[in-house]
Amino acid sequence: MRLAFLAAMVSAIAQTSGCTAVLESGLAEEQANRVVVALEEPHVGATKEVEGSTGEAVTFAVRVATDDVSRALTVLQAADLPQRPEPGLAEVF
């Protein structure tokens, strides 16, 4: 379900933004780095960009060429990336 949503979202963004598409967004730097490294081995060019800042937290986005979106999503799904933190008590209740 998540993959289908991501694919649809990335496809929509790719059609409006030109040569690159945001593959993942709202990531901590460590997770963004893991995504970029995972995409290097199958030769999917990826870039990490600062997306925004909320207080002390800085978030990052990972971009890939629009032609590489499908392959990149497959690689990330196989690697179970990005790994989201488990929700704590505050998020559960």
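No value in this document is a laboratory result; all are computed from the given coordinates. What you see is a predicted model, and the numbers here were worked out from it, not measured in a lab. Positions of Cβ are generated from backbone atoms using ideal geometry, with glycine treated the same way; all protein chains shown enter the neighbour counts.
Can you tell which of ALA38, ALA61 is touching a helix residue (DSSP H, G or I) at 6+ places or on another chain (Cβ under 9 Å) and over 20 Å from CYS19 (Cβ atoms)?
ALA38
Can you tell me which residues in region 29-61 are in contact with a Ser or Thr (Cβ under 9 Å, 6 or more places away or on another chain), of a type in the set (A, V, I, L, M) and either free of Cβ contacts under 8 Å to residues at least 12 places away in the same chain or on the phi > 0 side of the Ramachandran plot (or both)?
The one that is in contact with a Ser or Thr (Cβ under 9 Å, 6 or more places away or on another chain), of a type in the set (A, V, I, L, M) and either free of Cβ contacts under 8 Å to residues at least 12 places away in the same chain or on the phi > 0 side of the Ramachandran plot (or both): VAL50.
Residue-wise test of (1) loosely packed, with under 11 Cβ neighbours inside 10 Å; (2) under 11 Å from the mean Cα position of the chain (by Cα); (3) in a strand (DSSP E or B).
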position	(1), (2), (3)
SER25	no, yes, yes
GLN31	no, yes, no
THR47	no, yes, yes
VAL50	no, no, yes
SER53	yes, no, yes
VAL58	no, no, yes
VAL64	no, yes, yes
